[in-house]
Amino acid sequence: MEHLPPPLILSLDLDDTLWPVAPVIAQAEAELFDWLRGRHPDAVRGQSIESMRLLRVDVAGRHPGSRHDMSFLRRQALVEQFRVTGHATGHAEELADEAFEIFLSARNRVEFYPDVLASLARLRARYRLFALSNGNADLARCGIAGYFEGHVTARAAGAPKPDARIFARLLATAGVDAARVLHVGDDPLADVDGARSAGMQSAWLNRDARPWPAHLAPPTRVVTTLDELT
């Protein structure tokens with residue numbers, strides 16, 4: 001194995017790295033739908049959670065430059081739902097903001113994997129920590145902002161992992177060379193291969209014994225919990 005300098009910075013993915021994301025999104029979408037049904041039933045008449053997901057796909061197709069921005073896609077879909085029911089654009093925007101806040105509140109009520117909080121405390125004592133994520137989780141709302149020096153998102157970078165631009169944004173924010181960053185995440189392509197292509201060190205967090213994709217070069221580090229990084 002090639003000699004690698006000790007990392008100065010650890011960048012961490014969030015969804016499915018620090019918490020399982022599927023149940024969080026399912027709960028947030030259910031709470032939003034229930035809120036809409038109770039407060040603005042016209043907006044969801046004939047709709048379902050699945051049809052709202054399909055509307056977001058349609059919005060993404062019509063706004064290709066914003067496909068990486070999950071907050072934009074969700075909010076814009078809500079604006080369109082309210083406009084269809086007869087609300088003027090300005091009022092639809094206001095209602096969409098109110099509805100989106102219902103979603104965000106639930107989206108940030110996460111349940112951490114058992115190793116996460118203790119590991120973050122130990123890692124924070126040894127490294128500068130940054131979050132690097134494609135999603136719209138909020139570190140402060142999740143209760144872990146104190147562990148991190150910064151949070152680089154796909155929305156801020158204008159592109160999602162594995163695009164080089166989001167990794168470049170991290171390096172510019174942190175002010176270090178790529179070789180001194182170790183990025184840790186669960187996604188072989190977005191996290192491991194993306195970081196490697198950007199010149200960073202990488203570690204695959206494989207909590208559930210998934211096979212590594214055969215078409216990608218194997219990872220140099222594999223861990224099953226954040227404990228193993230400490």
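No lab work stands behind these numbers, since they all come straight from the coordinates. These numbers come from a predicted model, not from an experiment. Because the Cβ atoms are built from the backbone with ideal geometry, glycine has one as well, and the counts that use them run over all protein chains shown.
When a/c reaches 1.5 or more, the comparison of a/b and b/c decides; with that in mind, is the stretch 139-230 rounded, prolate or oblate per its Cα gyration tensor? Note, shape of the stretch 139-230 comes out oblate.
A Förster radius of 25 Å, combined with the Cβ-Cβ distance separating Val57 from Ser105, puts the computed FRET efficiency at roughly 0.60.
Here each label is just a point 7 Å from Cα along the line to Cβ, and for Glu94 and Arg141 those points are 2.2 nm apart. Only Cα pairs under 8 Å and at least 6 apart count here; give the relative contact order of the stretch 22-107 as a rounded whole percent. Reported as a whole number, the value is 40 percent. Computed 3J(HN,Hα) for the stretch 39-52, one whole-Hz value per residue from the Karplus formula 6.51 cos²θ - 1.76 cosθ + 1.60 where θ = phi - 60°, is 9, 9, x, 4, 5, 10, 5, x, 9, 9, 4, 5, 5, 5, glycine and proline marked x.
In plain terms, the chain from Arg67 to Arg124 could stretch by 17.3 nm, reckoned as 0.36 nm per residue minus the Cα-Cα distance. When you restrict to C-alpha pairs under 8 Å that are six or more residues apart and normalise by the size of the chain, the relative contact order lands at 24 percent.
By the Stokes-Einstein formula, at 1.002 mPa s and 20 °C, the chain with its Kirkwood radius over alpha-carbon pairs has D equal to 113 µm²/s. Kirkwood's formula applied to the C-alpha pairs of the stretch 22-107 gives a hydrodynamic radius of 12.8 angstrom.
Magnitude of the charge dipole for the chain, about its Cα centre and with charges confined to Cβ atoms of Lys, Arg (+1) and Asp, Glu (-1), is about 340 debye.
Along each principal axis, taking the top coordinate minus the bottom one, the Cα set of the stretch 7-61 gives 54, 26, 15 Å in descending order.
Extension gain, Thr85-Ser48: 0.36 nm per intervening residue step, less the Cα-Cα distance, totals 11.8 nm.
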